[in-house]
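S.K.: Take this structure, written in structure tokens, and hold onto it; I'll ask about it next.
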Amino acid sequence: MSRRSIREAVRFPTEEGRAFFRWGVGSYVAVTGVLLAVSLWRTDGTMIYALDDPAIHLSIAGNLAHHGTWGVVPGHFQSASSSPLWTVLLAVFITVLPFAANYAAFVVNALAAVAILALLGRAQTVLHPSRRRPLDVAAVAAVSVVLLFLPAATFVGMEHLVHAALILAAVHLVLNPPAAGASRLRRAAPYLLFALASGTRLETAFVAGALALVLTSLPRADGQPVPARARQVRTAVLLCASAGLPIIALAVFNKAMGQSWLPNSVIAKSTALNGAQSSIDLVKIFGRLTNDAVLAAITVGCALLAIVGWRDRARWFVPTATMALATLAHVAVAQTGWYERYQIYLIVLGTYALAVAAQDLVPARTRRERPTLVPLLLLVPLILAATKVALTIQVPQAVGETYQQRYQAGRFLERYYHGRPIATGELGYISAEHHGPITDLLGLGDYEVMEARRSYQQRPPPSYWADLARRRGFRVAAVYPETLLLDTPKDWILVGTWRLSHDVVSAFDPDFQFWATTPEEVAPLIAHLREFSHELPPGVKLRINSLAEFRAEVLMGPRRP
């Protein structure tokens, strides 16, 4: 692209859009800065994310940068990342700035959040925040911080903001085609962006498919020439191809490496693929839609606007219909929730669609005569966003829990079991800190375990886990209680528990357990836990199972004189 086209791309077409961007970024930076300062205070200056999953990508990215391995253990391929492009971005960051590796996800997410606000600023004309219009300022802050969930999503540390930014940019370019004579790169830009988005998250297929369907369903306008319809069909085909080809390439590569068509984590987390659900469950689908009240409200609003705008070919029809259809496809087979992250791209797309619609539904005269109408209407949905408000406030606590449990477990296992096989259900910070073979009991980074869980409908029997421990040689398992629960082998011995002294936000349980898979490991594990307990952060208490040594003696039998 030429310098002129770049300047035009970053220039805001309206003063309202420019003001939205400035105040939106200001709100985002202020809240994110406060959350970062408090979080670092809780972790003694260590950059930790609210969830354990970001460390999985950081671990793979580190192995890719330093060992050329795609997996959590150097030299062993595992399709453990559901976001290849995100992992590559982190690997590049780690290669260039190795001293700031822990901040890689934070920095990239912050840039993506700014890009999202810039794209929304280009689409909206109904808010004009300024010192003289404090309600508009409050509305912009509410959209940026709460409804879009940008500060908290930055600390989630995953690829969702990058994915949302790519999706939004691609849809925006489709809706605003280039003028005649534009360069080939500009004409190809939306398809390239969809391909990148598909490499970031597979859910891109929902948006590309929905957009293709909507474009080909537009009613024919009076006097519309046949070539116009042909261009719509061609655009739809290119959209599906750009989103589908990266998925096909990933599937072929995974299969060539001896694993499944899709990444392990996608299969393990999707009830439609992991064997836990064998038929369509409408109740669960409705539950996933209504799990986030903001998503449900935006989806209903977009669906109604799409119905109203279809016959008249209103310019808001394509984005609103695309959002509604993509949401239905998503909730049919994918998850929502878990720190509000899976549906971020849909809420961002829905916000953009409503902003486009508002340009026509709220004319300039109405905005002049009733300047408080739109900001008040935007502040009302905050009632539906109570969960997002709470989770944003609780980011430092969530970060602290990850630091207290999963990060400390990684340090513990690295110190006392360096180079030795271990097992865990919390792959992130443990794989990032521990150097040695790892068995992932949940299957996200372990193809064999994932396949076993699928074949047993997520409940392999105790005999499977006992045999796995013998074959792989791990003598310690660090897990949450519910990881194996009643399927824990009888010969495994619970040795110690780290217990948090408060109600949890991002942790699965206040208790984090250490099991010995052989009776001979009980005494060494007790000694290690007691020695390490002096380094545990405040709020974590070690509890040793008083019966562990007795149980070990029983299993080992009487000693010969």
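S.K.: Between residues in the stretch 520-532 that are under 12 Å from residue 476 (Cβ atoms) and residues that are part of a helix (DSSP H, G or I) and of a type in the set (Gly, Ala, Ser), which pairs lie under 8 Å by C-beta distance while being six or more apart or on different chains?
M.R.: Cβ pairs passing all conditions: 520/552; 522/548; 522/552; 526/548.
S.K.: Just to verify a result, which residue in the stretch 457-483, among those that are without any contact (Cβ under 8 Å) to a residue 40 or more places away in the chain and part of a loop (DSSP other than H, G, I, E, B), is nearest to residue 528 (Cα to Cα)?
M.R.: 481
S.K.: Then there is this: Go through 97, 111 for me and flag whichever is closer than 30 Å to residue 264 by Cα, at pLDDT 95 or above and loosely packed, with under 15 Cβ neighbours inside 10 Å.
M.R.: 111
S.K.: Here's something else I'd like to know. Looking at the stretch 315-333, is at least one residue surrounded by fewer than 21 Cβ atoms within 10 Å (Cβ to Cβ), among the hydroxyl-bearing types (Ser, Thr, Tyr) and within 30 Å of residue 267 (Cβ to Cβ)?
M.R.: No.
S.K.: Would you be able to tell me the number of residues in the stretch 506-519 that are touching a residue at least 12 places away in the same chain (Cβ under 8 Å), out of contact with any Asp or Glu (no Cβ under 6 Å at 6 or more places or on another chain) and either in the same structural domain as residue 156 (by TED's automatic domain parsing) or in a loop (DSSP other than H, G, I, E, B) (or both)?
M.R.: Total meeting the criteria: 4.
S.K.: Please determine, by comparing only the residues of the stretch 407-435 that are at pLDDT below 95 and among the charged types (D, E, K, R), which one is surrounded by the fewest Cβ atoms within 10 Å (Cβ to Cβ).
M.R.: 433
S.K.: In the stretch 297-304, is there at least one residue being at pLDDT below 85 and under 30 Å from residue 81 (Cβ atoms)?
M.R.: no
S.K.: Determine, yes or no, whether residue 169 is under 21 Å from residue 357 (Cα atoms), under 21 Å from the mean Cα position of the chain (by Cα), surrounded by fewer than 23 Cβ atoms within 10 Å (Cβ to Cβ) and not β-branched (Val, Ile, Thr).
M.R.: Details: under 21 Å from residue 357 (Cα atoms): yes; under 21 Å from the mean Cα position of the chain (by Cα): yes; surrounded by fewer than 23 Cβ atoms within 10 Å (Cβ to Cβ): yes; not β-branched (Val, Ile, Thr): yes.
For residue 169, the condition - under 21 Å from residue 357 (Cα atoms), under 21 Å from the mean Cα position of the chain (by Cα), surrounded by fewer than 23 Cβ atoms within 10 Å (Cβ to Cβ) and not β-branched (Val, Ile, Thr) - is met.
S.K.: Out of the residues in the stretch 180-207 that are hydroxyl-bearing (Ser, Thr, Tyr) and in contact with a Ser or Thr (Cβ under 6 Å, 6 or more places away or on another chain), which is nearest to residue 352 (Cα to Cα)?
M.R.: Within the stretch 180-207, the subset hydroxyl-bearing (Ser, Thr, Tyr) is 183, 191, 198, 200, 204.
With in contact with a Ser or Thr (Cβ under 6 Å, 6 or more places away or on another chain) added as a condition, the list becomes 191, 198, 200, 204.
On the way: 191: 19, 198: 20, 200: 20, 204: 16 Å.
Residue satisfying both the conditions and the ranking: 204.
S.K.: Among the residues of the stretch 1-31, what is the count of those that are at pLDDT below 95 and of a type in the set (A, V, I, L, M)?
M.R.: 5
S.K.: Taking only the stretch 452-500 into account, find how many residues are farther than 22 Å from residue 430 by Cα and not hydrophobic (A, V, I, L, M, F, W, C).
M.R.: 16
S.K.: Something else now. Report yes if some residue within the stretch 387-404 is within 21 Å of residue 492 (Cβ to Cβ) and surrounded by 22 or more Cβ atoms within 10 Å (Cβ to Cβ); otherwise report no.
M.R.: No, that holds for no residue.
S.K.: Could you give every pair whose Cβ atoms fall below 7 Å, whose first residue belongs to the stretch 287-316 and is assigned by TED's automatic domain parsing to the domain that holds residue 216, and whose second residue is in a loop (DSSP other than H, G, I, E, B) and of a type in the set (Gly, Ala, Ser), counting only separations of at least 6 or pairs across chains?
M.R.: 291/337; 292/337; 313/221
S.K.: Condition first: closer than 12 Å to residue 239 by Cα and either touching a helix residue (DSSP H, G or I) at 6+ places or on another chain (Cβ under 8 Å) or touching a residue at least 60 places away in the same chain (Cβ under 8 Å) (or both). Now tell me which residues in the stretch 174-195 satisfy that.
M.R.: Selection gives 174, 189, 190, 191, 192, 193, 194, 195.
S.K.: If you don't mind, another one. Can you pull out the residues in the stretch 288-346 that are among the hydrophobic types (A, V, I, L, M, F, W, C), over 16 Å from residue 356 (Cβ atoms) and outside any helix (DSSP H, G or I)?
M.R.: Once the filter is applied, which keeps residues that are among the hydrophobic types (A, V, I, L, M, F, W, C), over 16 Å from residue 356 (Cβ atoms) and outside any helix (DSSP H, G or I), the stretch 288-346 yields 334, 338.
The values are calculated or read from the model by the stated rules, or taken from the named source; none is laboratory data. Only a predicted model underlies this, so the values are computations on that prediction, with no experimental measurement involved. Heads up, the Cβs are rebuilt from the backbone with ideal geometry, glycines too, and the neighbour counts pull from every protein chain shown.
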